[in-house]
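Chemist: Got a structure for you, questions after.
The values are calculated or read from the model by the stated rules, or taken from the named source; none is laboratory data. Values in this document were obtained by computation on a predicted structure and should not be read as measured data. Using ideal geometry, Cβ is built from the backbone for each residue, glycine included, and neighbour counts are taken over all protein chains shown. To get the accessible areas, we keep the full protein, side chains included, count just its heavy atoms, and leave off ligands, DNA and RNA. Shrake-Rupley method; radii C 1.70, N 1.55, O 1.52, S 1.80 Å.
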Amino acid sequence: MAKTLIVPGLRNSGPSHWQTWFETRLPDTRRVEQDNWERTNLSDWAARVREAIDAAGEPVWIVAHSFGCLATVTAAFERQDRILGSLLVAPADPERFGEPTALLKQKLQFPSLVVASTTDPWVKASAAQYWATQWGSEHLNIGDAGHINVDSGHGPWPDGLRLFEQLQAGELHR
């Protein structure tokens with residue numbers, strides 16, 4: 001089984017977060033660490049994701065959350081052939097973080113799924129749909145789920161793990 005990279009968002013994903021729970025369930029998983037979890041900088045964060053992809057030594061799966069989705073997508077444009085697929089959960093709105101959007105408007109060349117919510121305080125459902133379309137990703141809105149994090153009741157998240165397993169098995173259609 002290929003390696004999986006976990007790419008958290010702002011402030012990292014704590015011990016009760018679903019990404020941490022994924023790490024205990026998925027074999028050969030590594031968390032991408034950032035120099036500063038309190039300050040978002042897309043180019044710096046994407047560089048760390050690229051470094052982790054390169055260090056894996058084989059193609060990887062990526063599970064990203066919030067600002068980690070933006071870092072993942074930015075890194076992916078330069079490492080398309082090294083990524084098997086990506087689960088992009090509650091992607092942050094780049095405009096909210098003052099990040100340029102022009103460079104994010106490309107298609108990913110691997111299977112990807114954007115999972116979003118109608119009640120996410122960090123990104124409007126319409127913005128998540130827009131970015132999924134820009135990236136050529138499948139889009140799944142799971143309804144009233146907040147930011148799909150611990151605050152919204154997403155510690156262990158079996159439904160999310162099933163979605164990732166479906167993505168890995170090629171059961172999601174672009």
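Chemist: Condition test on A127, is it more than 11 Å from the chain's Cα centre (by Cα) and within 20 Å of R50 (Cβ to Cβ)? Walk me through how you get there before you give the answer.
Modeler: Details: more than 11 Å from the chain's Cα centre (by Cα): yes; within 20 Å of R50 (Cβ to Cβ): no.
No; evaluated as a whole, the condition is false for this residue.
Chemist: Something else about it: Please verify whether S126 is exposed (fewer than 13 other Cβ atoms within 10 Å of the Cβ) and among the hydroxyl-bearing types (S, T, Y), treating the condition exactly as stated. Spell out how you get there, then give the answer.
Modeler: Details: exposed (fewer than 13 other Cβ atoms within 10 Å of the Cβ): yes; among the hydroxyl-bearing types (S, T, Y): yes.
Taking the combined requirement at face value, the residue satisfies it.
Chemist: Another one. Assuming V32 fulfils every condition listed in (1) on the phi > 0 side of the Ramachandran plot; (2) under 13 Å from the mean Cα position of the chain (by Cα) apart from one, which condition is it?
Modeler: (1)
Chemist: Is it fair to say V32 is aliphatic (A, V, I, L, M) and out of contact with any strand residue (DSSP E or B) (no Cβ under 6 Å at 6 or more places or on another chain)? Full working, then the answer.
Modeler: On the way: aliphatic (A, V, I, L, M): yes; out of contact with any strand residue (DSSP E or B) (no Cβ under 6 Å at 6 or more places or on another chain): no.
When the stated conditions are applied, V32 does not pass them.
Chemist: Next question, about the same structure. Any chance you could count how many residues in the range 133-147 are surrounded by 16 or more Cβ atoms within 10 Å (Cβ to Cβ) and either free of Cβ contacts under 8 Å to residues at least 12 places away in the same chain or in contact with an Asp or Glu (Cβ under 7 Å, 6 or more places away or on another chain) (or both)?
Modeler: Looking only at that region, the number is 2.
Chemist: Here's another thing I want to ask about it. Tally the residues that are farther than 17 Å from Q109 by Cα and aliphatic (A, V, I, L, M), restricting the search to the range 50-61.
Modeler: At the first step, the residues of the range 50-61 found to be farther than 17 Å from Q109 by Cα are 51-52, 54-57.
Those still in the list that are aliphatic (A, V, I, L, M) too: 52, 55-56.
Residues in the range 50-61 being farther than 17 Å from Q109 by Cα and aliphatic (A, V, I, L, M): 3 in total.
Chemist: Given the structure, is L88 at pLDDT 95 or above and part of a strand (DSSP E or B)? Give the steps one after another, and end with the answer.
Modeler: Numbers: at pLDDT 95 or above: yes; part of a strand (DSSP E or B): yes.
So L88 fits the description; yes.
Conditions (1) within 27 Å of S16 (Cα to Cα); (2) assigned to a loop (DSSP other than H, G, I, E, B); (3) in contact with a helix residue (DSSP H, G or I) (Cβ under 6 Å, 6 or more places away or on another chain); (4) among the hydroxyl-bearing types (S, T, Y), marked per residue:
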{"residue": "P100", "(1), (2), (3), (4)": "no, yes, no, no"}
{"residue": "Q106", "(1), (2), (3), (4)": "no, yes, no, no"}
{"residue": "D120", "(1), (2), (3), (4)": "yes, yes, no, no"}
{"residue": "Q134", "(1), (2), (3), (4)": "no, no, no, no"}
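Chemist: Working only within the range 51-70, note down all residues that are among the small types (G, A, S) and surrounded by fewer than 24 Cβ atoms within 10 Å (Cβ to Cβ). Walk me through it before giving the result.
Modeler: Initially, the range 51-70 is screened for residues among the small types (G, A, S), giving 52, 55-57, 64, 66, 68.
Selection gives A52, A55, A56, G57.
Chemist: Quick one: what pairs do we get from the range 80-100, first residue open to solvent by less than 10 Å² (accessible area, probe 1.4 Å), second among the charged types (D, E, K, R), C-beta under 8 Å, 6+ apart or different chains?
Modeler: Partner pairs satisfying both residue conditions: A90/D120.
Chemist: Do you know which of the residues in the range 101-110 that are of a type in the set (A, V, I, L, M) and surrounded by fewer than 19 Cβ atoms within 10 Å (Cβ to Cβ) is nearest to the chain's Cα centre (by Cα)?
Modeler: Within the range 101-110, the first condition is being of a type in the set (A, V, I, L, M), and the residues that meet it are 102-104, 108.
From what is left, the residues that are surrounded by fewer than 19 Cβ atoms within 10 Å (Cβ to Cβ) are 102-104.
Numbers: A102: 19, L103: 17, L104: 14 Å.
Among them, the one singled out is L104.
Chemist: Can you tell me how many residues within the range 1-47 are in contact with a Gly (Cβ under 7 Å, 6 or more places away or on another chain) and either open to solvent by 50 Å² or more (accessible area, probe 1.4 Å) or over 19 Å from G153 (Cα atoms) (or both)?
Modeler: Counting residues in the range 1-47 that are in contact with a Gly (Cβ under 7 Å, 6 or more places away or on another chain) and either open to solvent by 50 Å² or more (accessible area, probe 1.4 Å) or over 19 Å from G153 (Cα atoms) (or both) gives 2.
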